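The values are calculated or read from the model by the stated rules, or taken from the named source; none is laboratory data. In this text the structure is predicted, and so the values were computed from the model without any measurement. Because the Cβ atoms are built from the backbone with ideal geometry, glycine has one as well, and the counts that use them run over all protein chains shown.
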Amino acid sequence: MQRAQPYSPESQEQGEPEMSKRWYCFQLYPQQRHIAERELTRQDFTTFFGQITTGQPLFKGYGFVYLDLTEDHNWPKIRHTRGVIRLLPQHQSTPIPIPEGFVEGLIKKNPISRRDLIPTLEELTKDQIVTITEGPFIHQKAIVLHSYNETVAISFLFHHLQATIYSPRYALKATG
């Protein structure tokens, strides 16, 4: 059996025909990342789990899988893989892909330093919508959950992925 090839941003730059392949998000059971990764790889799925340079997961409890829903007819197996709770969003029959460039940006910078996570010295308030101006999440929108000193907790505004990260203020800009 042929194993899934690791995803490489360079492979797309070299013109390999993967135009219909996209990244999708899945939710993990607690403490099951390594089991899910092993089982998905065994089923020939390419996965990505971002990390911070400290070794902590970038999105605790979530992973990404790279596939083409029209050609990878085994993708429903992901839902029944050990360690995986569900593909997102949970209330739809087919998953919705992550915006193009988001996971690819994470892969290029993986592991990501805390300084690169998100950086404005302007006042940010709870429930304020911000745009990320630097780092691997550039141009993504998020909502401020709370801030402490120079660190801000934000939640991304993907309608099917809720992930909270902590970031320095200098890379956030108030939107609207």
Taking the criterion of being surrounded by fewer than 14 Cβ atoms within 10 Å (Cβ to Cβ) and either under 23 Å from SER155 (Cα atoms) or under 11 Å from the mean Cα position of the chain (by Cα) (or both), would at least one residue in region 61-75 satisfy it? no
Can GLY105 be described as on the phi > 0 side of the Ramachandran plot and either exposed (fewer than 14 other Cβ atoms within 10 Å of the Cβ) or not assigned by TED's automatic domain parsing to the domain that holds GLU134 (or both)? no
May I ask you to list the residues in region 13-42 that are among the polar types (S, T, N, Q), under 25 Å from HIS91 (Cβ atoms) and at pLDDT 95 or above? GLN32
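Does PRO97 fit the bill of being out of contact with any Pro (no Cβ under 6 Å at 6 or more places or on another chain) and assigned to a loop (DSSP other than H, G, I, E, B)?
Yes: the conditions hold for PRO97.
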Please state which one of PRO89, PRO97 is at pLDDT 80 or above and touching a strand residue (DSSP E or B) at 6+ places or on another chain (Cβ under 6 Å). PRO97
